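J.: This is the structure I want to talk about, given as structure tokens.
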Amino acid sequence: MLKPRALAAAMFCLFAASTAAHADGDIFSDGHVDGDLRLYNYSRLYASKTVPNANAFAIGALVNAQTGTFLTGFSVGASFATASALGTHSDTPAKIDTTLTGPNNSIGAFTQAYLQYQHGIFLFRGGYQYLADDPWMGNNDARVIPSSYNALKVQATPLTGWNLFAVREYSWKSRTSNGMYPDNLYYPSKYDGDSMYGNNGSLPLHARSAPGTWEGGTTYVHGGLNAQLRYYDFMHFAHSTFAMGSYVYDTGSGFNPAVGAQYLAQNYGADNRFTETGTKLFGVAGDHVKSRVIGGDVGVVIPNGRFDILYNKVAHEAGAVGGGALISPFTSNYASDPLYTTSMIRGLIESGPGHAWKGKFTYDLFDKKLELTTAYAKYFTYYRGTSHDLYLDVIYHLDGALKGLTLRNRWELSNGGVNNLNPTNKTFVYNRLMVDYKF
């Protein structure tokens, strides 16, 4: 399997080199290099007397490069990411927050290596790439190294603000993986040699691999309107239709009402990987996948801030996998999904069928150098009981000689729940210190 990939990479490089003489400008001097330097320190603090606190520290670098265009629209891009704990990991595995860089002291991978063609309203990109704007197959960029995908993407922009697109994903690299693998977050750590951690991991090691994903959809942004419609075929996992829209009404007074809505419908027959392997989600097996989700947002945008009341419901479905659990192959346990009520630690995807509401307030100070966010969410679920989360987020953007440097601290407390929602159903506090320098 590696030899065809190596051959394809070699042919790709030869193609790029051979076309340099036919560049629209200078393929190298017209190119672009940017990236991030990161220092993260994460602490998981448990009130449980039987589960030890877990910590992780890491420094990392992400470097992105893209050539200038050649042959009227072609370009080549690549990204490399590396992270190291500098030998600070505990000798006791249970005391390591493996969601940051896994259990090892260092990881590194090419996260992007793609050929792109962009001309007029048309865009094509093939190879390893970030799908940054995709709500269900995104970068999951809350750790040192983001997720990326081996995929083909085609997009057209008929009008300003309106995109039509299609994606075929073949494999992916999780936040702690060293390469691309045909799996997802429902597979166990070390499946097929994948160093994937912080995952759901419900499937057994003998489960058949994931054949990938088809996606098609459209997005539209104009004035205060922001809408999207997407269809996903997570092959042998779920067929998903997702719609989301929001509107901010400009009153001219600085106080602008906002509304939003979400809807997701999901189905799959008995040939899904959960039913094939008898895998239970939230302790419930099923002979098919079925999930129905609704969501609403009512808020107001104020000078330098915004306040929202948000709601989601995941319906209980008898006989379905997880009793109607929402299947999310690339966000489950990452809490990076687009549902309104998802918190930093988890949301209804991780807690199971039920409903939740959330209050959220954001405010900017000092010409947006300081960003403050606080939120409170409460969850009422069928299998994990009632729980609540309190969240605080402080971001400071430096300027002048230190422009590009951002200091951030995210803190969340989760309390309540049953069936080990938090270790031994006790309070769980998660603190994330994140220092990032963009260059």
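J.: Can you spot a residue in the range 153-173 that is closer than 28 Å to Ser84 by Cα, surrounded by fewer than 22 Cβ atoms within 10 Å (Cβ to Cβ) and among the aliphatic types (A, V, I, L, M)?
T.: No; the residues of the range 153-173 include none that is closer than 28 Å to Ser84 by Cα, surrounded by fewer than 22 Cβ atoms within 10 Å (Cβ to Cβ) and among the aliphatic types (A, V, I, L, M).
J.: Continuing with the same structure: Report yes if some residue within the range 311-327 is under 22 Å from Ala142 (Cα atoms), in contact (Cβ under 8 Å) with a residue 40 or more places away in the chain and of a type outside the set (Asp, Glu); otherwise report no.
T.: Yes, the range 311-327 contains at least one residue that is under 22 Å from Ala142 (Cα atoms), in contact (Cβ under 8 Å) with a residue 40 or more places away in the chain and of a type outside the set (Asp, Glu).
J.: Could you please find all residues in the range 313-332 being more than 17 Å from Asp287 (Cα to Cα) and within 19 Å of the chain's Cα centre (by Cα)?
T.: Of everything in the range 313-332, those that are more than 17 Å from Asp287 (Cα to Cα) and within 19 Å of the chain's Cα centre (by Cα) turn out to be Ser328, Pro329, Phe330, Thr331, Ser332.
J.: Looking at the range 346-439, what strands (runs of 3 or more DSSP E) fall wholly within it and have at least 2 residues that are among the acidic types (Asp, Glu)?
T.: Of the strands (runs of 3 or more DSSP E) lying wholly inside the range 346-439, those with at least 2 residues that are among the acidic types (Asp, Glu) span 385-397.
J.: It is to be established whether one or more residues within the range 233-251 are surrounded by 15 or more Cβ atoms within 10 Å (Cβ to Cβ), touching a residue at least 24 places away in the same chain (Cβ under 8 Å), in contact with an Asp or Glu (Cβ under 7 Å, 6 or more places away or on another chain) and part of a strand (DSSP E or B).
T.: The answer is yes, given that some residue of the range 233-251 is surrounded by 15 or more Cβ atoms within 10 Å (Cβ to Cβ), touching a residue at least 24 places away in the same chain (Cβ under 8 Å), in contact with an Asp or Glu (Cβ under 7 Å, 6 or more places away or on another chain) and part of a strand (DSSP E or B).
J.: Of all residues in the range 402-420, how many are in contact with an Asp or Glu (Cβ under 9 Å, 6 or more places away or on another chain) and within 16 Å of Val51 (Cα to Cα)?
T.: 2
J.: Pick from the range 135-171 the residues that are within 22 Å of Phe234 (Cβ to Cβ) and small (Gly, Ala, Ser): which of them is farthest from the chain's Cα centre (by Cα)?
T.: Ala166
J.: Quick check on this structure: which one of Asn105, Asn150, Asn140 is in contact (Cβ under 8 Å) with a residue 60 or more places away in the chain and not aliphatic (A, V, I, L, M)?
T.: That would be Asn140, the only listed residue that is in contact (Cβ under 8 Å) with a residue 60 or more places away in the chain and not aliphatic (A, V, I, L, M).
J.: I would also like to ask the following. From the residues in the range 189-216 that are of a type outside the set (D, E, K, R), more than 15 Å from Ser328 (Cβ to Cβ) and not in a loop (DSSP other than H, G, I, E, B), which one is farthest from the chain's Cα centre (by Cα)?
T.: Gly193
J.: Now, a different point. Does Tyr383 qualify as being surrounded by 15 or more Cβ atoms within 10 Å (Cβ to Cβ), in contact with a Pro (Cβ under 9 Å, 6 or more places away or on another chain), within 27 Å of Gly283 (Cα to Cα) and not polar (S, T, N, Q)?
T.: Criteria met by Tyr383.
J.: State yes or no: is Ala227 part of a strand (DSSP E or B), surrounded by fewer than 22 Cβ atoms within 10 Å (Cβ to Cβ) and of a type in the set (Gly, Ala, Ser)?
T.: Answer is yes for this residue.
Per-residue answers, yes or no, for (1) assigned to a strand (DSSP E or B); (2) of a type in the set (Ser, Thr, Tyr); (3) out of contact with any helix residue (DSSP H, G or I) (no Cβ under 6 Å at 6 or more places or on another chain):
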position: Arg38; (1), (2), (3): yes, no, yes
position: Lys49; (1), (2), (3): no, no, yes
position: Ala58; (1), (2), (3): yes, no, no
position: Ala61; (1), (2), (3): yes, no, yes
position: Asn64; (1), (2), (3): yes, no, yes
position: Thr72; (1), (2), (3): no, yes, yes
position: Phe80; (1), (2), (3): yes, no, yes
position: Gly87; (1), (2), (3): no, no, yes
position: Ser90; (1), (2), (3): no, yes, yes
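J.: Right, Lys313: within 28 Å of Ser148 (Cα to Cα), modelled with pLDDT of 95 or more and assigned to a strand (DSSP E or B) or not?
T.: In short, no.
J.: Can you find a residue that is surrounded by fewer than 15 Cβ atoms within 10 Å (Cβ to Cβ), modelled with pLDDT of 95 or more, more than 19 Å from Ile96 (Cα to Cα) and touching a Gly at 6+ places or on another chain (Cβ under 8 Å) anywhere in the range 407-422?
T.: Yes; the residues of the range 407-422 include at least one that is surrounded by fewer than 15 Cβ atoms within 10 Å (Cβ to Cβ), modelled with pLDDT of 95 or more, more than 19 Å from Ile96 (Cα to Cα) and touching a Gly at 6+ places or on another chain (Cβ under 8 Å).
J.: Additional query: Would you check which residues across the range 218-250 are over 22 Å from Ala156 (Cβ atoms) and aliphatic (A, V, I, L, M) and list them?
T.: Within the range 218-250, Met235, Ala238, Val248 meet the criteria.
J.: Just give me the residues in the range 339-361 being among the polar types (S, T, N, Q) and under 12 Å from Tyr376 (Cα atoms), in sequence order.
T.: Matches in the range 339-361: Thr341, Thr342, Ser343.
J.: Mind checking which residues of the range 29-86 are surrounded by fewer than 16 Cβ atoms within 10 Å (Cβ to Cβ) and among the acidic types (Asp, Glu)?
T.: Asp30, Asp34
J.: Is there any pair with a first residue in the range 403-415 that is in contact (Cβ under 8 Å) with a residue 24 or more places away in the chain and a second that is hydroxyl-bearing (Ser, Thr, Tyr) and assigned to a strand (DSSP E or B) whose Cβ atoms are under 6 Å apart and which are 6 or more apart or on different chains, and what are they?
T.: Taking only residues 6 or more apart or on different chains, the pairs are Gly404/Tyr437; Leu405/Tyr437; Leu407/Tyr396; Glu412/Tyr391; Glu412/Tyr430.
J.: Just need a number here: residues in the range 108-133 that are under 24 Å from Thr82 (Cβ atoms), assigned to a loop (DSSP other than H, G, I, E, B) and touching a residue at least 24 places away in the same chain (Cβ under 8 Å).
T.: 2
The values are calculated or read from the model by the stated rules, or taken from the named source; none is laboratory data. In this text the structure is predicted, and so the values were computed from the model without any measurement. Positions of Cβ are backbone-derived with ideal geometry, glycine not excepted, and every protein chain shown enters the neighbour counts.
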